[in-house]
Amino acid sequence: MHISRSFQHYMQALYQNFTAFDAQQTDRIQRYRNVEPESALFLAMQIHIQQSKEILEIGTSTGYSTLWLAHAAQQTQGRVTTLEIDPARTAQAQHHAQELGLDDVIDFWVGDAEKYLAKVTQQYDFIFLDAERDAYVGYWASLQKMLNPCGGVLIVDNVISHAAQVKCFIELIENDPRFISMTLPIGAGLYMVCSQSF
């Protein structure tokens, strides 16, 4: 996987800007809450290793993770669909994607992720879940159908930093014999899930 210096510099500056913004916010909901750089790099590497083609992100925010996913997808001839309920944040993400020449591999979807998940019939090679954690249990019925049974991977963010909030969701997956999973101590904690049939 090739990561150019210009991409690295752009992303470093973007992350600094986003974290500086978050530091000024007293309301958690107003913060961008982007994934940590080491987690973003891991996601991109995983897409590269799997040679993922169909990629879904739930929780675009301002696009930091989206850009990393798209950068990897551009090299695997893949495509990223990213879901975000806030149109203003989606617009920011679209702007950065255009700046980096990645907008041609990203489909931006604005709205409630639950509505998208309820209607989609497509299967994905790679799914990144980084949204409002109280919705995860409700997402699971759809996510398990959408995950490609032949090597598809679901990765969930913030499972160490917000362990109590994802406890029920993780228990749901761990009690399903069709899937294997593990927690990775990267960033705020990544939870990786794949089908047993692989």
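If you check 135, 141, 118 for being out of contact with any Lys or Arg (no Cβ under 8 Å at 6 or more places or on another chain), part of a helix (DSSP H, G or I) and either of a type in the set (Val, Ile, Thr) or open to solvent by 70 Å² or more (accessible area, probe 1.4 Å) (or both), only one passes: 118. Note on the stretch 165-175: among residues that are open to solvent by 10 Å² or more (accessible area, probe 1.4 Å) and not charged (D, E, K, R), the one that is nearest to residue 49 (Cα to Cα) is 170.
For the stretch 14-36, what are the residues that are open to solvent by less than 60 Å² (accessible area, probe 1.4 Å), over 23 Å from residue 107 (Cβ atoms) and in contact with a helix residue (DSSP H, G or I) (Cβ under 8 Å, 6 or more places away or on another chain)? Matches in the stretch 14-36: 15 only. Every listed requirement among (1) surrounded by fewer than 17 Cβ atoms within 10 Å (Cβ to Cβ); (2) in contact with a Leu (Cβ under 6 Å, 6 or more places away or on another chain) is met by residue 162 save one, (2).
Tell me yes or no: at least one residue of the stretch 37-57 is in contact with a strand residue (DSSP E or B) (Cβ under 9 Å, 6 or more places away or on another chain), closer than 21 Å to residue 75 by Cα, assigned to a loop (DSSP other than H, G, I, E, B) and open to solvent by 70 Å² or more (accessible area, probe 1.4 Å). Checked the stretch 37-57: at least one residue is in contact with a strand residue (DSSP E or B) (Cβ under 9 Å, 6 or more places away or on another chain), closer than 21 Å to residue 75 by Cα, assigned to a loop (DSSP other than H, G, I, E, B) and open to solvent by 70 Å² or more (accessible area, probe 1.4 Å).
Checking the structure you have, find out if any residue of the stretch 81-93 is more than 15 Å from the chain's Cα centre (by Cα) and closer than 14 Å to residue 127 by Cα. No, the stretch 81-93 contains no residue that is more than 15 Å from the chain's Cα centre (by Cα) and closer than 14 Å to residue 127 by Cα. Please go through the stretch 1-13 and give me each residue that is closer than 20 Å to residue 157 by Cβ, open to solvent by less than 80 Å² (accessible area, probe 1.4 Å) and more than 17 Å from the chain's Cα centre (by Cα), ordered by number. Hits for the stretch 1-13: nothing passes. The residue list 157, 125 contains one member that is touching a helix residue (DSSP H, G or I) at 6+ places or on another chain (Cβ under 8 Å), at pLDDT 95 or above, open to solvent by less than 20 Å² (accessible area, probe 1.4 Å) and of a type outside the set (A, V, I, L, M), which is 157. From 12, 30, 16, which residue is more than 18 Å from residue 187 (Cα to Cα) and not β-branched (Val, Ile, Thr)? 30 is the lone residue from the list that is more than 18 Å from residue 187 (Cα to Cα) and not β-branched (Val, Ile, Thr). Just one of (1) surrounded by fewer than 24 Cβ atoms within 10 Å (Cβ to Cβ); (2) modelled with pLDDT under 95; (3) farther than 23 Å from residue 143 by Cβ fails for residue 61. It is (3). For the criterion of being open to solvent by less than 10 Å² (accessible area, probe 1.4 Å) and either hydroxyl-bearing (Ser, Thr, Tyr) or over 16 Å from residue 66 (Cβ atoms) (or both), residue 90 passes. On the stretch given as the stretch 183-198, residues that are more than 19 Å from residue 40 (Cβ to Cβ) and either touching a helix residue (DSSP H, G or I) at 6+ places or on another chain (Cβ under 6 Å) or open to solvent by 80 Å² or more (accessible area, probe 1.4 Å) (or both) total 3. Residue under question is residue 44, and the condition is that it be closer than 22 Å to residue 187 by Cα and among the small types (Gly, Ala, Ser); does it hold? Yes; evaluated as a whole, the condition is true for this residue.
The values are calculated or read from the model by the stated rules, or taken from the named source; none is laboratory data. What you see is a predicted model, and the numbers here were worked out from it, not measured in a lab. A quick note on method: Cβ atoms are made from the backbone with ideal geometry, for glycine too, and the neighbour counts reach across all protein chains shown. Just so you know, the surface numbers come from the protein's heavy atoms only, side chains and all, with ligands and any DNA or RNA stripped out. Shrake-Rupley method; radii C 1.70, N 1.55, O 1.52, S 1.80 Å.
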